[in-house]
């Protein structure tokens with residue numbers, strides 16, 4: 001969004017000097033920085049040389065008309081909004097320009113309020129697009145798979161093979177090994193990557209609420225159901241639903257999940273009609289499901305439906321060669337989050353970290369790195385590990 005201390009820079013391309021002068025006067029009064037170009041060719045040169053937040057471009061100009069300028073801007077991959085300036089005879093052309101990628105158009109004679117609202121909206125949209133890209137970069141950093149050990153490489157190879165299919169996947173492994181991360185990468189590398197990834201922690205939801213959470217409910221289905229609600233299966237339509245800690249799911253919910261997998265249909269709690277769903281199911285557990293089946297806590301038929309592909313995530317103790325890379329990754333991430341200079345771990349520190357029994361796996365390592373970043377000086381040594389980490 002616009003801020004008072006950073007002026008947005010706008011380029012006005014128009015062959016009429018009076019129009020350029022009017023636009024400059026209006027926009028500068030509103031604290032925008034303005035530059036002018038008398039024709040399309042000059043405008044494109046200025047765009048290559050400058051850094052503009054938005055462009056106002058006349059449609060009817062000699063040498064190169066506005067639609068050609070727009071085509072060139074789009075072809076060059078520029079991401080700022082372009083607002084077309086249209087005479088009464090060019091309205092259809094202006095509408096076509098919007099279809100091509102222009103943000104909007106304003107008509108001559110210029111309406112002051114319409115102009116300023118359009119410019120403000122264009123800059124706000126551009127700012128939101130930019131913020132979204134930054135967030136996506138942050139998200140992708142959060143979900144990096146870090147390391148080069150044989151154990152990790154084997155998992156990555158399996159993900160590459162499995163992801164492009166629609167096969168259901170069962171991910172096993174100890175707490176803190178990164179089962180959610182594996183599930184996210186299966187989704188990201190699949191044809192469903194553009195659709196939702198919906199995570200459900202089955203252990204965190206009370207058994208009496210799990211069915212409503214998964215399948216939704218109709219208004220009045222129970223006392224607190226004051227309105228209709230879509231469940232996780234519907235929210236994940238076209239994408240992936242990740243059933244984490246599925247070993248903790250109630251038997252009645254298991255029966256409904258089994259039906260959803262068999263028929264690709266669900267029914268909301270309190271509902272009377274089937275709803276078709278198209279989702280890929282990935283499940284994860286830290287429990288021994290064969291033992292749970294033997295004890296009557298987990299349905300064997302559901303297990304076989306879910307475990308078309310079995311992916312076991314190794315413990316950190318089985319991939320200690322990745323500890324230096326993981327530590328460096330977490331240190332950079334944590335220091336950036338705290339807004340402090342990056343702290344470095346010495347080779348002796350890595351040697352000490354490798355001696356630890358990581359019962360809490362990668363989650364525990366991250367917590368330890370954060371503790372060391374907070375408590376230690378810029379160069380973290382083996383002595384720091386001895387002082388602040390229990391072995």
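Residues being at pLDDT 75 or above and either over 23 Å from the mean Cα position of the chain (by Cα) or not in a loop (DSSP other than H, G, I, E, B) (or both): count how many of those fall in the range 97-154.
Step one: filter the range 97-154 for residues at pLDDT 75 or above, giving 97-128, 144-154.
From what is left, the residues that are either over 23 Å from the mean Cα position of the chain (by Cα) or not in a loop (DSSP other than H, G, I, E, B) (or both) are 97-128, 148-154.
Residues meeting the conditions: 39.
Of the residues 46, 64, 41, which single one is over 31 Å from the mean Cα position of the chain (by Cα) and without any contact (Cβ under 8 Å) to a residue 24 or more places away in the chain? Please lay out each step first, then the result.
Details: 46 fails: without any contact (Cβ under 8 Å) to a residue 24 or more places away in the chain; 64 fails: without any contact (Cβ under 8 Å) to a residue 24 or more places away in the chain.
So the residue among 46, 64, 41 that is over 31 Å from the mean Cα position of the chain (by Cα) and without any contact (Cβ under 8 Å) to a residue 24 or more places away in the chain is 41.
Provide a single number: the residues in the range 275-296 that are within 24 Å of residue 177 (Cα to Cα), in contact (Cβ under 8 Å) with a residue 12 or more places away in the chain and not in a helix (DSSP H, G or I).
Summing the residues that are within 24 Å of residue 177 (Cα to Cα), in contact (Cβ under 8 Å) with a residue 12 or more places away in the chain and not in a helix (DSSP H, G or I) in the range 275-296 gives 8.
Which ones in the range 200-232 are assigned to a strand (DSSP E or B), in contact with a helix residue (DSSP H, G or I) (Cβ under 7 Å, 6 or more places away or on another chain) and within 17 Å of residue 280 (Cα to Cα)?
Answer for the range 200-232, where residues must be assigned to a strand (DSSP E or B), in contact with a helix residue (DSSP H, G or I) (Cβ under 7 Å, 6 or more places away or on another chain) and within 17 Å of residue 280 (Cα to Cα): just 200.
Across the range 167-183, which residue is surrounded by the most Cβ atoms within 10 Å (Cβ to Cβ) among those that are in a loop (DSSP other than H, G, I, E, B) and on the phi < 0 side of the Ramachandran plot?
Top of the filtered list is 177.
Here is a check on your reading of the model: is residue 54 surrounded by 15 or more Cβ atoms within 10 Å (Cβ to Cβ), within 34 Å of the chain's Cα centre (by Cα), under 19 Å from residue 118 (Cα atoms) and at pLDDT 90 or above?
yes
Considering only the range 278-293, how many residues are over 18 Å from residue 204 (Cα atoms) and touching a helix residue (DSSP H, G or I) at 6+ places or on another chain (Cβ under 9 Å)?
Pass one, the range 278-293, residues over 18 Å from residue 204 (Cα atoms): 278-281, 288-293.
Those left that are additionally touching a helix residue (DSSP H, G or I) at 6+ places or on another chain (Cβ under 9 Å): 279-281, 288-290, 292-293.
Within the range 278-293, residues that are over 18 Å from residue 204 (Cα atoms) and touching a helix residue (DSSP H, G or I) at 6+ places or on another chain (Cβ under 9 Å) number 8.
Going through the range 210-252 one residue at a time, which ones are without any contact (Cβ under 8 Å) to a residue 24 or more places away in the chain and buried (at least 19 other Cβ atoms within 10 Å of the Cβ)?
Across the range 210-252, the qualifying residue is only 213.
What number of residues within the range 67-96 satisfy the criterion of being surrounded by fewer than 20 Cβ atoms within 10 Å (Cβ to Cβ), at pLDDT below 90 and within 37 Å of the chain's Cα centre (by Cα)?
9
The values are calculated or read from the model by the stated rules, or taken from the named source; none is laboratory data. For clarity, every value in this text was computed on a predicted model and none was experimentally measured. Every residue, glycine among them, receives a Cβ derived from its backbone with ideal geometry; neighbour counts consider all protein chains shown.
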